[in-house]
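One structure is given here, and the rest of the page talks about it.
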Amino acid sequence: MSALATILGPVTDAPVASLVGDALQFIVQEQQSIDGTPIGGPAQLWDLTFTHLQLSVVALVIASLVAVPVGLILGHRRKGEVVAIAASNVGRAVPSLALIALFVAFVGTGFVNVALALVLLAIPPILTGTYVGVAAVDPEIVDAARGQGLTERQIVRQVELPLALASIFGGLRTSAVNVVATATIAPLAGVLTLGDPIIATSVYGDAGRLAASFLVAFLAVLTEVGFAAAQRAATPAGLRSSRDSSWRRRSPAPPMVASTHIDT
């Protein structure tokens with residue numbers, strides 16, 4: 001036996017390593033449950049992933065259509081700070097599972113009902129981010145735009161909205177990650193997402209639960225990275241350069257190396 005096999009032998013035989021291997025195999029190859037039902041594999045997991053993404057996108061789009069205009073109006077008028085703060089606090093205080101359970105109890109199960117519950121979860125960060133971004137625009141810039149003859153609607157669309165895009169995308173980024181993660185509990189309301197293998201362990205086993213967890217984590221990370229890139233792209237170049245320069249000013253200067261000079 002080689003030295004490498006001697007070192008890796010105990011690791012590969014460990015239960016955790018074995019379970020990870022089973023989870024990866026569950027993703028790439030169809031398995032069978034205890035009762036002989038086909039489970040896992042690219043076909044089934046793709047269907048679950050598609051429903052997961054579809055539910056998340058629908059909820060995020062509806063939340064954006066509601067929260068962004070409201071945030072723009074409140075931020076432009078420099079009023080409604082209480083509303084924005086209250087929405088943010090409610091979004092953090094209400095558990096996602098309790099929200100979906102409330103909808104199931106009073107509205108019912110199904111794709112639409114779960115999507116509406118996720119919309120309520122996604123609205124607070126978007127509303128807060130939009131309000132903060134617009135309210136933070138320098139009032140002198142707004143006054144200068146009024147002096148140029150722009151209407152209030154033109155000021156919002158041409159001045160405040162472009163300057164607030166970075167903050168808006170920050171709220172969208174938070175909401176998107178929350179929605180993707182929370183869509184995992186949608187099977188409790190009759191919508192089969194990637195949360196189904198996590199919840200129905202008796203059907204999918206530990207390997208299926210871990211495999212679905214890997215996929216949900218991957219989607220969350222991909223969402224975070226994608227919206228972070230969009231947020232940076234939406235930030236005006238001048239603001240990006242000013243932030244970079246301010247960071248460089250705060251960074252400690254490199255140590256000076258004393259040079260020696262020898263006269264000949």
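Details
- If you go through the range 102-115 and keep only what is part of a helix (DSSP H, G or I) and free of Cβ contacts under 8 Å to residues at least 40 places away in the same chain, you end up with L102, A105, F106, V112.
- Single condition E160 does not satisfy, out of (1) modelled with pLDDT of 85 or more; (2) surrounded by 20 or more Cβ atoms within 10 Å (Cβ to Cβ); (3) within 24 Å of the chain's Cα centre (by Cα): (3)
- Exclusive hit being in a helix (DSSP H, G or I) and at positive phi, set G171, G205: G205
- Just one of the listed residues (V90, V16, V83, V68) is in a helix (DSSP H, G or I) and either polar (S, T, N, Q) or modelled with pLDDT of 70 or more (or both), and it is V68.
- Some residue of the range 181-201 being in a loop (DSSP other than H, G, I, E, B) and β-branched (V, I, T): yes
The values are calculated or read from the model by the stated rules, or taken from the named source; none is laboratory data. For clarity, every value in this text was computed on a predicted model and none was experimentally measured. Glycine also receives a Cβ, built like all others from the backbone with ideal geometry; neighbour counts cover every protein chain displayed.
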